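Note sheet for the following structure.
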Amino acid sequence: MELPRGMRDIESMESSTIEYVRQKFIETSNLFGFQFMEPSPIELLSVIETKSGPSIKNEIYHFTDKGDREVALRFDFTIGLTRFATSQKSIRLPTKISTFGGVWRYDEPQKGRYRFFHQWDIEIYGEPSIESDAEIIDFTSKFISRLGLENIVIDICDRELVESYVKDVFKSDSPNVIGDILRAVDKIQKKRKQDIINEYQEKGYSVPELEQILKFSEIKGLPNEIEKQIDTSQIKNWDKILQLFDTLKNRGVNNARINFGIVRGLDYYSGIIFEVFEKNFDVGALVGGGRYDTLTRAFGRSDLGATGAAGGVERIALLLEKQQVSTKNSESRVSVVFINSDMQKIAINVASKLRLNGIPTDVDLSGKSLKKQMEIASTSKRVIIVAPKEYADNCVIIRNMEDGSEKQIQLDVMLNDVKSSLQL
């Protein structure tokens, strides 16, 4: 009676944190005008392979269904949202879509990552523009801030910029060479520099060129800081980077920097890319995203650009815990307790009426003693005590659990003006 490896039951406390992240995400989606939807949890395998190639089968849950179709559980949201957007021939552009939910990946379980986990995702489809890229980054910055997280940095780069530099250094336009070297750069955050050089030297790559690329990938800073370190006039798309940082400044996004070591692992990225980190958090990126116009073209829509971002919720939950951010619902709960078994039915009736008034209310269902009921109700803001003597006069006792004071009140009066009577 065990769960499959990499799966787990999400208990109340973790579920509450996930719901906290979800509510903040939906609030931020509404602020930015994103339309919330949920794409299908099951896709045709051929659709998923459009994004990531046949090798993706090693990393996902896929199977043949009863109709003899090869299908797979979604491993992210980008594929489903892009399939949806590209299939809408009369879609109003630009269109902004957001979603939140569970995804499945058959990879090695690790801290903050399981084979089933939650993601949030935002996408903008339409004419490619720096403002669309900035909107995604701006959303991400404000969402992270609304969660209450601090010490956050947004590392930004441009995929074409790095690819152009690789081509110049290695004097090659070979997709295999470019892909290999980009993967080397992507590993620099996870492996020792010398280990990467040794690995790629064995593949036949020149050490001086590798060292030059890896040194380039270590450059970080604001545009004016980087312009003091290297000749940016020789760097492709540097003007695009400057435009992006200009609009981010205009939007009040002050925690972004350039990082030439950010390339993102997926091959379909085609422009501005970024990742979000907490400076002292050791579980990797909280958010990743960028422009991926090549994917919409793969779905037959060369007229449609796309940019987006996604974040792992369980990883964010770990950081919320580390930074001691309170994710508890601030609602004021009320408990109704009863002196004896004769009063239980009345207490349940009172609780039901409070709930009809929108008051979160607890009441004992199993006939516990008053002492035990009061112990359980200790975290409530108010406790309503139903006792025979007071109820005979159509009254109840309200105890303020913050200061221990009590008052007697007519039951009808309380139910006619609940929030005022309970001082919630």
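Modelled label positions at Ser87 and Val207, each set 7 Å beyond Cα in the direction of Cβ, lie 5.4 nm from each other. Taking amide hydrogens as placed 1.01 Å from N in the peptide plane, the amide H of Ile272 sits under 5 Å from those of Arg159, Arg291, each at least 5 positions away in sequence or on another chain. The Asp246 and Lys372 beta-carbon pair, evaluated with R₀ = 51 Å, returns a calculated FRET efficiency of approximately 0.20.
Measuring between their Cα centroids, the stretch 279-295 and the stretch 91-150 lie 9 Å from each other.
Sort out for me the Cα centre separation of the stretch 401-421 from the stretch 362-386, rounded to whole Å. Cα centroid to Cα centroid, the span is 16 Å.
Within the listed set Leu244, Leu356, Leu319, the residue fluctuating most in the Gaussian network model of the chain (springs between alpha-carbon atoms under 10 angstrom) is Leu356. In the set (1) 25.2; (2) 21.7; (3) 22.5, the label that goes with Kirkwood radius over Cα pairs in Å computed for this structure is (1).
Under a model in which nothing but the beta-carbon of Lys, Arg (+1) and Asp, Glu (-1) is charged, the stretch 125-226 shows a dipole of about 500 debye around its Cα centre. Peptide packing for 38-44, 306-312, 358-364 was compared via the average number of neighbouring C-beta atoms within 10 Å per residue; ordered from the highest value, the list is 306-312, 358-364, 38-44.
Electrostatic bookkeeping for Phe77 treats Lys and Arg as +1 and Asp and Glu as -1; over the other residues with beta carbon under 9 Å from its beta carbon, the sum is -3. Highest mean packing first, where packing is the average number of other Cβ atoms within 10 Å per residue, the peptides 120-126, 282-288, 90-96 line up as 120-126, 282-288, 90-96. Amide H contacts for Asp362 (H built 1.01 Å from N in the peptide plane; partners 5 or more residues away or on another chain; cut-off under 5 Å): Val334, Ser335, Val336. Taken about its Cα centre, the stretch 136-294 carries a charge dipole of about 340 debye when Lys and Arg each add +1 at the Cβ and Asp and Glu each add -1 at the Cβ. Calculated accessible area for the chain comes out at 51 Å² per residue, all protein chains present (probe 1.4 Å; ligands, DNA, RNA ignored). Decide, for the stretch 1-122, between rounded, prolate and oblate: order the square roots of the alpha carbon gyration tensor eigenvalues as a ≥ b ≥ c, take rounded if a/c falls under 1.5, and otherwise choose prolate if a/b is larger than b/c, else oblate. Oblate shape, in that a/c is at least 1.5 and b/c is the bigger or equal ratio. Applying the Karplus relation 6.51 cos²θ - 1.76 cosθ + 1.60 with θ = phi - 60° to the stretch 140-149 yields 3J(HN,Hα) values of 4, 4, 6, 5, 4, 5, 5, 5, x, 7 Hz, where x marks Gly and Pro.
Here the accessible area of the stretch 284-353 is 46 percent carbon and sulfur, with a 1.4 angstrom probe and all protein chains present.
For Lys167 and Asn224, the difference between the fully extended length at 0.36 nm per residue and the C-alpha to C-alpha distance is 18.0 nm.
At 0.36 nm per residue, and after removing the present C-alpha to C-alpha distance, how many nm does the segment from Glu406 to Glu27 gain when stretched out fully?
132.6 nm
Look at the alpha carbon pairs under 8 Å that are at least 6 residues apart: their mean separation over the length of the chain gives a relative contact order of 15 percent.
The values are calculated or read from the model by the stated rules, or taken from the named source; none is laboratory data. Quick caveat: nothing in here was measured; it's all calculated off a predicted structure. Neighbour counts run over all protein chains shown; Cβ positions are idealised from the backbone, glycine included. Each accessible area value is taken on the protein alone, full model and side chains, heavy atoms only, with ligands, DNA and RNA left out. Shrake-Rupley method; radii C 1.70, N 1.55, O 1.52, S 1.80 Å.
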